[in-house]
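Novice: First the structure, then my questions, so here it is.
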Amino acid sequence: MMIADLHVHSTFSDGKLTIPELVDFYGTRGFGCIAITDHICEKKSFLGFAAGALKFSLKEETFDDYLRLIAEEGKRAWRTYRMHVIPGYELSKNSWSHHRSAHVLGIGVKSWLAAELPIRTMTRELRAQGALSIAAHPVFTGVLEPQTLHLWENREELAQEFDAWEVASGRHFFHQVYSSGLKMVASSDLHHPKQIHSWKTLLKLPRGEASVGEVLTAVREQRLEFGFWNEARGQIESTGATCQPVMAPLS
């Protein structure tokens, strides 16, 4: 099994660790795959403008540098840890209304997309790149923070647009997503190191052998399980995709 975290932020947006630091952070813990998914925020909304001003959003003019660094660090990660580092971003539509906000992850991206695009345009452009489209934290996250509920409230119309929906974000498992019949992944949405203590996706692939293409295909085909990474013990606990997951360990 390959432990994957497909929703990770770096200092290119609002994360606390640089991309090289993330490589070593995950690599020394035996992960087989991570995706760097820094925010691309809408420029025209007040919240998006503020994110840009605070340097919490990727910029199109530095996007090639972002991809280049991920590629360079990906080579080092594979050489040193046999871990894949996949380029991605989180297309962030932020509104004062929880019901209008939506975040779309692109995993395995090759080119820039603007967060102003309509949702269906985003997902189809991602598919044209060969990238995964994932509905990020689509239900209440269990934390007092801005919520992104638009995708879930329109899931009947959007179900086929996404390769997967997040069934867990951080320590919180979304049972309504788990029972929905939709394709799923679980990730930390890591911004700072303590958030590693969270749900993860376990891909049914041999660590250190499978390619990035096989990782993306495994998500599309749902050859995966979910497990909780217990940082205190340095291991995965509570595994299983077909049984109802237990609550996350408190330690």
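Novice: Residues of segment 166-210 being among the polar types (S, T, N, Q), more than 21 Å from F25 (Cα to Cα) and in contact with a helix residue (DSSP H, G or I) (Cβ under 9 Å, 6 or more places away or on another chain), which ones?
Specialist: Q176, S180
Novice: While we're here: Across segment 55-87, which residue is farthest from R207 (Cα to Cα) among those that are of a type outside the set (A, V, I, L, M, F, W, C) and not in a helix (DSSP H, G or I)?
Specialist: This residue is K55.
Novice: If I ask for residues that are assigned to a loop (DSSP other than H, G, I, E, B), within 14 Å of the chain's Cα centre (by Cα) and either within 25 Å of G74 (Cα to Cα) or of a type in the set (D, E) (or both), which ones from segment 88-139 would you list?
Specialist: Matches in segment 88-139: G108, V109, A131, A136.
Novice: If we scan segment 145-157, do we find a residue that is over 18 Å from T123 (Cβ atoms), among the charged types (D, E, K, R) and out of contact with any helix residue (DSSP H, G or I) (no Cβ under 8 Å at 6 or more places or on another chain)?
Specialist: Yes, because at least one residue in segment 145-157 is over 18 Å from T123 (Cβ atoms), among the charged types (D, E, K, R) and out of contact with any helix residue (DSSP H, G or I) (no Cβ under 8 Å at 6 or more places or on another chain).
Novice: Let me ask another. Taking H137 as the residue in question, decide whether it is over 21 Å from L224 (Cα atoms) and not aliphatic (A, V, I, L, M).
Specialist: So H137 fails the test.
Novice: Follow-up. In segment 1-23, is there at least one residue being farther than 27 Å from P118 by Cα, surrounded by 15 or more Cβ atoms within 10 Å (Cβ to Cβ) and at pLDDT below 95?
Specialist: Yes, because at least one residue in segment 1-23 is farther than 27 Å from P118 by Cα, surrounded by 15 or more Cβ atoms within 10 Å (Cβ to Cβ) and at pLDDT below 95.
Novice: Let me ask something else. Can you work out which of the residues in segment 205-251 that are among the acidic types (D, E) and under 17 Å from I3 (Cβ atoms) is modelled with the lowest pLDDT?
Specialist: E237
The values are calculated or read from the model by the stated rules, or taken from the named source; none is laboratory data. None of the values given here were measured: they were computed from a predicted structure. Virtual Cβ from ideal backbone geometry, glycine too; neighbours counted across all protein chains shown.
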